[in-house]
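Here is the structure we will look at, set down as structure tokens.
Only the coordinates and a few stated rules stand behind these numbers; no lab work does. Note that this is a predicted model, so its numbers are computed, not measured. Cβ placement follows ideal geometry from the backbone for every residue including glycine, while neighbour counts extend to all protein chains displayed.
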Amino acid sequence: LAKNECHHQAKEGCHNFCYPGSNSYRCSCADGYELGKDDKQCIALGRCQHGRTGSTCSVQEGVLLLNSEGKGFCGGVLLKSNYVLTTGECALLYRHFEIRVGTGDNCLLNGTSGTKKTMQVGEKHIHIQYDEDTGENNIALLQLCCSKKEHVDCSNHQLPICTPERDFAERIWLPKSAGTVSGWRIEGNELQGDELQVSFLPAEDCKQILNISLTNRQFCGHLQEAVDSFLMTEYKGTWFLIGILGSWPLEDADWETLLFTNTARYMIWFKQKRK
């Protein structure tokens with residue numbers, strides 16, 4: 001194997017992101033991690049190891065958004081212990097709502113064990129350029145209310161998902177012809193996990209099938225079935241968020257070809273809103 005090449009299927013090499021160089025490859029880590037002494041391994045900066053697989057689960061359980069009647073209406077995903085990512089569309093459905101986290105016995109919320117816990121949403125950060133007509137920038141961050149104590153404590157079931165570096169995600173994951181991703185669907189008042197086969201489509205094919213103009217913050221995937229979900233993929237034992245599936249377009253759509261928000265394009269926005 002050439003020393004300057006990245007080998008993404010091999011167990012050795014970079015723990016998270018890898019970039020080839022003239023003499024050797026260069027490693028970097030997801031937000032919340034730093035490179036170890038070997039310049040390959042990624043070490044967690046805090047107690048929460050984003051997206052790491054645990055002994056009892058392969059990916060974090062979902063976050064359910066609840067209206068004032070306690071009915072689930074959308075899903076979300078933990079980006080940090082006090083921030084939940086969802087769609088702009090979902091964040092605008094109700095003026096006030098709560099989130100519910102956890103379905104497993106190992107879930108902890110503010111140090112209290114239990115199967116399900118609800119928390120108030122303090123602030124809604126909806127992307128300022130979200131377009132309800134086209135679905136562009138269909139993304140929102142929910143900040144949990146109202147004190148520093150209000151956050152989801154880490155456990156095997158509730159670990160914030162990692163967000164990939166843009167160049168790495170678009171060079172390694174999105175060009176794949178097919179792959180397995182994990183996500184959730186809402187069934188009644190619960191989130192049910194799914195593993196789906198997805199094929200990422202070239203932009204021109206996507207434009208033709210859906211009859212839309214595609215931005216660089218969107219991509220298309222061909223799924224076995226339609227789900228209201230987040231797309232995640234595992235890379236060397238760490239789970240990364242790669243896309244959000246909104247409910248647009250609603251009419252006259254080929255529901256096997258779906259439009260996703262490319263979350264890797266929003267890394268700067270995430271960091272700005274979480275300061």
So, in nm, how far is label His8 from label Ser213 when the simple model puts each one 7 Å beyond its Cα toward the Cβ?
-> 3.0
Asp205-Asn23 FRET efficiency (beta carbon distance; Förster radius 45 Å; 0.05 resolution) = 0.75
Starting with the fewest neighbours, write out Leu196, Leu141, Leu93 ranked by other beta-carbon atoms found within 10 Å of each beta-carbon.
-> Leu93, Leu196, Leu141
Ranked by Cβ crowding within 10 angstrom, fewest neighbours first, how are Lys275, Lys124, Lys116, Lys80 ordered?
-> Lys275, Lys116, Lys124, Lys80
For Tyr33, list long-range residues whose amide hydrogen, built 1.01 Å from N in the peptide plane, is under 5 Å from its own amide hydrogen.
-> Leu45
Along Cα→Cβ, 7 Å out, is where each label goes; now give me the distance between the ones at Gln120 and Glu256 in nm to one decimal.
-> 4.8
Based on the Cβ-Cβ distance from Leu45 to Cys145, what FRET efficiency comes out when R0 is 25 Å, to the nearest 0.05?
-> 0.50
Can you flag which of Lys116/Lys275; Lys116/Lys236; Lys40/Lys236; Lys37/Lys275; Lys207/Lys271 are past 19 Å Cα-Cα?
-> Lys116/Lys275; Lys116/Lys236; Lys37/Lys275; Lys207/Lys271
